[in-house]
Amino acid sequence: MRSLNKLGRGECAVVSRLSATGSLRRRLQDLGFTEGEHVECVAVSPFGDPGAYLIRGAVIALRGEDSAAVELIEAKEQPWD
């Protein structure tokens, strides 16, 4: 398993679970980072933080420390192809 902040530009994965608690967990869930959702890294800033991720048809920018709380598993296919 790897975390969202380790996803490279153009790579896709599936959200496995959130390791965050409290308000950060709730914020990530509200943004669409829930179990089973496909996510794609669409951009990473030149210094690597923040990253931009496509999830549920929206592009969301997250800081590295926040995206580290999203654990991923490998996607078998991209749902939007």
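We did not get these values from a lab; they are worked out from the coordinates using the rules stated. Predicted model, so just to flag it, every value in this text is computed and none were measured. Ideal geometry is used to build each Cβ from the backbone, glycine not excepted, and the neighbour counts take in all protein chains shown.
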message = Residue under question is S19, and the condition is that it be within 9 Å of the chain's Cα centre (by Cα) and touching a residue at least 40 places away in the same chain (Cβ under 8 Å); does it hold?
response = no
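Identify all residues within the stretch 22-37 that are touching a residue at least 40 places away in the same chain (Cβ under 8 Å) and among the hydrophobic types (A, V, I, L, M, F, W, C); write none if there are none. Spell out the reasoning first.
The first filter runs over the stretch 22-37 and keeps only residues touching a residue at least 40 places away in the same chain (Cβ under 8 Å), leaving 24-25, 28.
Correct list: L24, L28.
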